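Visitor: To start, I am sharing the structure in question, which I have written as structure tokens.
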Amino acid sequence: MKTILVTGGAGFIGTNFIRHALVARPDWRIVNLDALTYAGNAANLEDLHARYRFVHGNINDSALVESMLAEEKPRGVVHFAAESHVDRSIVGPLDFVETNVAGTTRLLSACRRWWEETGRPDDFRFLHVSTDEVYGSLGPEGFFTEQTAYDPSSPYSASKAASDHMVRAWHRTYGFPALITNCSNNYGPFQFPEKLIPLMILNIIEEKKLPVYGDGRNVRDWLYVIDHCEALMTVLERGTAGQTYNIGGGAERQNIDVVHQLCDLLDQRLGRGGATTSRRLISFVTDRPGHDRRYAIDASKIHKELGWQPRFSFEQALAATVDWYLAHKPWIESVRSGEYRRWIEVHYGGARGKGTEGQRD
Ligand code: NAD
Ligand code: DAU
């Protein structure tokens, strides 16, 4: 049995990764370290028992991380834990520095110490899960490659860029066997309903306004979360230490087109149309400050070197995502209670459709 330490596994991508990997890799055991911030939900994984252990704790708690490493002796670390939402980073950047920069650095230090003490095992890997947002914004043409210069726009992407630099430094300075992946926008089950796709799905169901930032023409390159998880397993198992791999879904869409598609999918399922079409709920609101115009990934390196490519089409996976949210109303209610609701009230006066004016403190 091979033990993998996952950080942030109670969040969106981590939950999908753990659930998918435990099925796809019967010889893996997964230990999940998660602080359970507003975005973490241990209940996502409560039905898992065999080959799974949850530890409630913070990546900044080096003593805890060191004791977990000594006890579990993992062959791999997959580091998801982060503050992940751009709009929150505009309101409160310090949490992003604390977890994404300081937390990643402390985690690297603890893992490197343990790796040195145990004789630098050849088969140990540290996979840092990062974002295409570190590359900044594209114009209408071109793609992000692994050689694209870093040019982050938001406090979130700046903090992820800093964490990527730390990971690279740990490889170059100490020979620590780290790898980095930079991926595009994920969507799928278990995504916290503050990100574009789940937020729009829930607002459509509840007939609330659909707040589209700016002119709605910003482009994101959508990646189904299961495709992402398969890419991460591939990189962990077969990637070269010290290397970076871009992961993208090859599905560029303007935001407004995604919102239209969601309205149409839900209209079919909820029996709406004509005067009651969900498109009537669309409301163009003040743009996000520093809003990147376009992201698009060149994923040819991971394809050519490791043989990975996405399996799901955007249309197929978006429909499956809509159906998942329709079938999981209790999950939606549980994650929307408590912290999330309070944050919405403080920063949006209780109504998400009002616009972004109230965001900054
Ligand atoms: P998420 O916000 O849904 O989940 C983050 C998880 O990390 C939560 O379970 C939270 O409780 C945990 N966490 C936060 N701070 C922690 C700390 N200090 N110690 C331990 N746990 C902590 O995030 P996500 O969307 O699943 O993203 C996972 C990773 O992938 C992040 O590093 C993010 O930057 C990166 N990423 C996400 C996307 C995307 O589209 N969602 C795209 C590219 C990269
Ligand atoms: O590109 C990868 C990144 O994708 C990840 O690193 C981040 O963790 C993840 O949050 C995501 O960042 P984005 O800012 O692109 O995602 P978000 O869902 O917040 O927004 C997607 C697009 O939709 C973006 O152009 C802003 C716009 N938007 C978003 C929201 C929440 C709206 O128009 N209205 C909204 O209400």
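The values are calculated or read from the model by the stated rules, or taken from the named source; none is laboratory data. Note that the structure is a prediction, hence the values are computed from the model and not measured. Note that we place each Cβ from the backbone using ideal geometry, even for glycine, and neighbour counts take in every protein chain shown.
Visitor: Which of the following residues is in contact with an Asp or Glu (Cβ under 6 Å, 6 or more places away or on another chain), within 11 Å of ligand 1 (Cβ to nearest atom) and at pLDDT 95 or above: 96, 143?
Guide: 96
Visitor: Here's something else I'd like to know. For segment 264-288, name all the residues that are more than 12 Å from residue 318 (Cβ to Cβ) and among the hydrophobic types (A, V, I, L, M, F, W, C).
Guide: Matches in segment 264-288: 270, 275, 281, 282, 284, 285.
Visitor: Assess whether residue 238 counts as being modelled with pLDDT of 95 or more, surrounded by fewer than 22 Cβ atoms within 10 Å (Cβ to Cβ) and either among the basic types (Lys, Arg) or touching a Phe, Trp or Tyr at 6+ places or on another chain (Cβ under 7 Å) (or both).
Guide: Answer is yes for this residue.
Visitor: Inside segment 134-175, can you point out the residues that are touching a Phe, Trp or Tyr at 6+ places or on another chain (Cβ under 6 Å) and either surrounded by fewer than 21 Cβ atoms within 10 Å (Cβ to Cβ) or part of a helix (DSSP H, G or I) (or both)?
Guide: 134, 135, 148, 155, 156, 159, 161, 170 - these are the residues of segment 134-175 that are touching a Phe, Trp or Tyr at 6+ places or on another chain (Cβ under 6 Å) and either surrounded by fewer than 21 Cβ atoms within 10 Å (Cβ to Cβ) or part of a helix (DSSP H, G or I) (or both).
Visitor: Pull out all pairs, ordered by first then second residue, where Cβ-Cβ is under 7 Å, the residues are six or more apart or on different chains, the first lies in segment 54-66 and is within 10 Å of residue 35 (Cα to Cα), and the second is part of a strand (DSSP E or B) and of a type outside the set (A, V, I, L, M).
Guide: 55/32; 56/34; 59/7
Visitor: While we're on this one: Looking at segment 1-31 only, could you name the residues that are within 20 Å of residue 331 (Cα to Cα) and buried (at least 22 other Cβ atoms within 10 Å of the Cβ)?
Guide: Result: 8, 9, 10, 11, 12, 13, 14, 15, 16, 17, 18.
Visitor: Okay, next question. Given (1) in the same structural domain as residue 75 (by TED's automatic domain parsing); (2) buried (at least 21 other Cβ atoms within 10 Å of the Cβ), where does residue 204 come up short, assuming only one miss?
Guide: Of everything listed in (1) in the same structural domain as residue 75 (by TED's automatic domain parsing); (2) buried (at least 21 other Cβ atoms within 10 Å of the Cβ), residue 204 misses just condition (1).
Visitor: Checking residue 115 against (1) touching a strand residue (DSSP E or B) at 6+ places or on another chain (Cβ under 9 Å); (2) within 29 Å of residue 260 (Cα to Cα), only one condition comes out false. Which one?
Guide: Tallying (1) touching a strand residue (DSSP E or B) at 6+ places or on another chain (Cβ under 9 Å); (2) within 29 Å of residue 260 (Cα to Cα), residue 115 fails exactly one: (2).
Visitor: Say we look at segment 104-133 and pick out the residues that are assigned to a loop (DSSP other than H, G, I, E, B) and either among the β-branched types (Val, Ile, Thr) or surrounded by 14 or more Cβ atoms within 10 Å (Cβ to Cβ) (or both); which of these is farthest from ligand 2 (Cβ to nearest atom)?
Guide: Looking at residues that are assigned to a loop (DSSP other than H, G, I, E, B) and either among the β-branched types (Val, Ile, Thr) or surrounded by 14 or more Cβ atoms within 10 Å (Cβ to Cβ) (or both), I get 118.
Visitor: Please identify the pairs in which a residue from segment 81-100 that is under 15 Å from residue 11 (Cβ atoms) and among the acidic types (Asp, Glu) has its Cβ atom under 9 Å from the Cβ atom of a residue that is more than 9 Å from ligand 1 (Cβ to nearest atom) and not in a helix (DSSP H, G or I), counting only partners at least 6 apart or on another chain.
Guide: From residues that are under 15 Å from residue 11 (Cβ atoms) and among the acidic types (Asp, Glu), the pairs are 83/92.
Visitor: Can you confirm whether residue 276 is polar (S, T, N, Q), more than 10 Å from ligand 2 (Cβ to nearest atom), on the phi < 0 side of the Ramachandran plot and surrounded by 18 or more Cβ atoms within 10 Å (Cβ to Cβ)?
Guide: no
Visitor: Out of segment 137-174, which residues are in contact (Cβ under 8 Å) with a residue 40 or more places away in the chain and within 11 Å of ligand 2 (Cβ to nearest atom)?
Guide: 137, 144, 153, 154, 156, 157, 159, 160
Visitor: State whether one or more residues within segment 147-160 are among the polar types (S, T, N, Q), closer than 18 Å to residue 239 by Cβ and away from ligand 1 (no atom under 15 Å from the Cβ).
Guide: yes
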